[in-house]
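The values are calculated or read from the model by the stated rules, or taken from the named source; none is laboratory data. Since this is a predicted model, take the numbers as computed values, not measurements. Every residue, glycine among them, receives a Cβ derived from its backbone with ideal geometry; neighbour counts consider all protein chains shown. Remember, those area values only see protein heavy atoms, side chains included, never the ligands or the DNA or RNA. Shrake-Rupley method; radii C 1.70, N 1.55, O 1.52, S 1.80 Å.
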Amino acid sequence: MSIYTPNQKSIAESIQPDSGMQDWKNWHWQLRKTIKDIKTFEDVLGISFTPEERKRLEMTAEKFPIAVTPYYASLIDRENWRDDPVFRQAFPSVNELVTESWEMSDPLSEDEDSPAECITHRYPDRVLFHVSNMCAMYCRHCTRKRKVGDRDFIPGRDTLEKGLAYIRKTPEVRDVLISGGDPLMLTDSAIEWILDELSAIEHVEVIRIGTRMPVVLPYRVTEELAALLGSYPNLWLNTHFNHPREITDSSAAALRRLSSAGVPLGNQSVLLAGVNDCPYIMKKLVQKLVSHRVRPYYLYQCDLSEGLSHFRTPVSKGIEIIESLRGHTSGFSVPVYVIDAPGGGGKIPVSPNYLVSWSTNKVILRNYEGVICSYKEPDSYEPVFCDRNCDTCSLVLNVTGEENPAAIGIERLMADYDDKITLIPEDTERLRRRNDDG
């Protein structure tokens with residue numbers, strides 16, 4: 001027998017008085033009844049804004065649309081809705097109209113790193129495959145606010161084929177992250193087509209899906225969808241829980257369907273002021289995730305997208321949170337805190353300093369308690385010269401049948417087979433002087 005919360009019953013009756021709750025767990029009904037305007041939100045939640053607030057909120061919604069599923073709206077605490085972490089993620093804020101000079105519509109330069117439609121190729125061996133611009137809910141902190149909800153740019157099959165063609169002709173791509181919008185907004189048959197096409201590409205070893213459906217619309221994760229996803233042995237799924245309140249009986253059931261079908265699960269959270277910028281909240285979140293067989297993967301610093309200044313915390317807050325997790329809970333419960341570098345530099349891990357100092361013979365380390373210890377380096381270590389030619393390698397490390405691309409970045413400076421000794425940014429004042437002198 002299904003048990004519904006008072007909030008769910010109230011919202012269902014407000015949206016459709018004759019529903020009798022029989023439609024609540026139908027994900028198609030949830031999408032049809034998605035809350036998309038201020039007045040409906042007020043009516044459904046039984047709250048009210050002042051005329052001035054409503055006017056400014058309408059201006060915000062014109063620029064950044066509203067979309068909240070009835071399910072996710074039911075998680076809002078009506079007694080303290082203004083400070084509620086669910087409300088803050090789902091409902092517009094007038095602060096979104098404040099655009100600072102350093103904010104960007106595309107802070108991660110995904111469009112600049114797009115060699116083909118639907119593709120962002122930033123890292124050497126993996127690509128981002130944008131398959132949808134639509135989401136069940138428009139998160140107010142979304143880094144892709146420029147695209148999400150834009151029905152004029154929903155990729156059709158012909159457009160997706162261009163992305164697939166790029167992946168097919170690029171053998172270094174071994175890992176494809178399917179993203180959007182939310183890929184699970186697509187029908188099961190469309191998802192199956194995409195997964196079949198990717199699985200047929202010999203050099204694609206890993207397929208990942210990034211989705212927030214288990215958080216905002218867990219009923220989308222049907223037994224049929226879970227079975228479909230579980231039938232691909234190289235598929236992983238990352239979801240996006242930001243607060244322990246989002247882990248409900250319904251979301252837990254969705255996660256259980258996926259894990260029982262054999263789908264490995266991870267979670268990517270975004271550090272948000274007024275939502276989860278608290279060591280205690282984050283510890284509760286990661287512990288609850290792990291109890292549902294979800295591995296905390298990343299904790300993101302909020303990106304420099306337009307209108308997100310009110311969500312951003314100092315980086316020091318993220319480091320404080322990681323300090324409160326490492327050693328204080330299970331190691332696999334600790335996500336990697338990263339800043340997705342503006343301009344397309346990729347994810348840069350940031351963490352507390354555990355390496356205190358080092359000398360020729362010793363490394364000085366500290367643990368989570370502040371205990372400082374020394375680790376003795378080997379008296380003699382004879383490094384093996386590596387020429388990057390694995391086919392002729394006689395060591396037990398030998399890996400056959402692999403193509404090793406040339407090293408880039410810091411790896412290149414450390415390589416034995418390359419004579420590069422410096423990495424110099426382009427167009428520095430010093431280089432301009434050299435060129436002028438020449």
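What is the Cα centroid distance between region 154-217 and region 315-384, reported in whole angstrom? Taking the Cα centre of region 315-384 as reference, the centre of region 154-217 is 34 Å away. The length gained by stretching the chain between I348 and D175 to full extension, at 0.36 nm per residue less their Cα-Cα distance, is 60.4 nm. Of all aspartates and glutamates in the structure, those lying under 16 Å Cα to Cα from K362, and not within fewer than 8 positions of it along the same chain, are E377, D379. Region 8-27 and region 103-130 have Cα centres spaced 40 Å apart. Taking a quarter of the surface of the Cα convex hull of region 1-149 gives a mean projected area of 11.8 nm². For K25, the lysines whose Cα comes closer than 20 Å to its Cα, not counting residues fewer than 8 places off in the same chain, are K9, K33, K36. A simple charge model with +1 on the Cβ of Lys and Arg, -1 on the Cβ of Asp and Glu and nothing else charged puts the dipole of the chain at about 1340 debye relative to its Cα centre.
Among the listed pairs K288/K376; K288/K317; K169/K347, a Cα-Cα separation exceeding 30 Å is found for K288/K376.
Cβ-Cβ distance of F385 and S357, R₀ of 30 Å, FRET efficiency by 1/(1 + (r/R0)^6): the value works out to about 0.55.
Under the 0.36 nm per residue contour assumption, what length would be gained going from the current alpha-carbon distance of D43 and W102 to full extension?
Numbers: separation 59, 0.36 × 59 = 21.24 nm, distance 3.70 nm.
Result for the pair: 17.5 nm of gain on full extension.
Can you pull the percent of the chain's accessible area that's carbon plus sulfur, 1.4 Å probe, other chains left in place? Of the solvent-accessible surface of the chain, carbon and sulfur hold 52 percent. Computed on region 187-251, the Cα convex hull volume stands at 85 Å³ per residue.
Kirkwood radius, region 57-109, all distinct C-alpha pairs, inverse of mean reciprocal distance: 12.7 Å. The aspartates and glutamates whose alpha-carbon is closer than 18 Å to the alpha-carbon of K283, local same-chain residues fewer than 8 away aside, are E246, E320, E323, E369.
The residues of the chain have, on average, 52 Å² of accessible surface per residue, using a 1.4 Å probe with all protein chains present. Couplings 3J(HN,Hα) of region 71-83, computed from phi: 4, 5, 4, 5, 7, 6, 7, 5, 7, 9, 5, 5, 9 Hz, in residue order, whole Hz [Karplus 6.51 cos²θ - 1.76 cosθ + 1.60, θ = phi - 60°; x for Gly and Pro].
Subtracting the Cα-Cα distance of E52 and M414 from their residue separation scaled by 0.36 nm leaves 124.3 nm.
Taking 60 Å as R0, compute the FRET efficiency from the Cβ-Cβ separation of E79 and T392 and round it to 0.05.
0.25
Taking all Cα pairs closer than 8 Å and separated by 6 or more residues, the relative contact order of region 124-274 comes to 22 percent.
Determine one quarter of the surface area of the Cα convex hull of the chain, which equals its mean projected area, and express it in nm² to one decimal.
Average projection, Cα convex hull of the chain: 27.4 nm².
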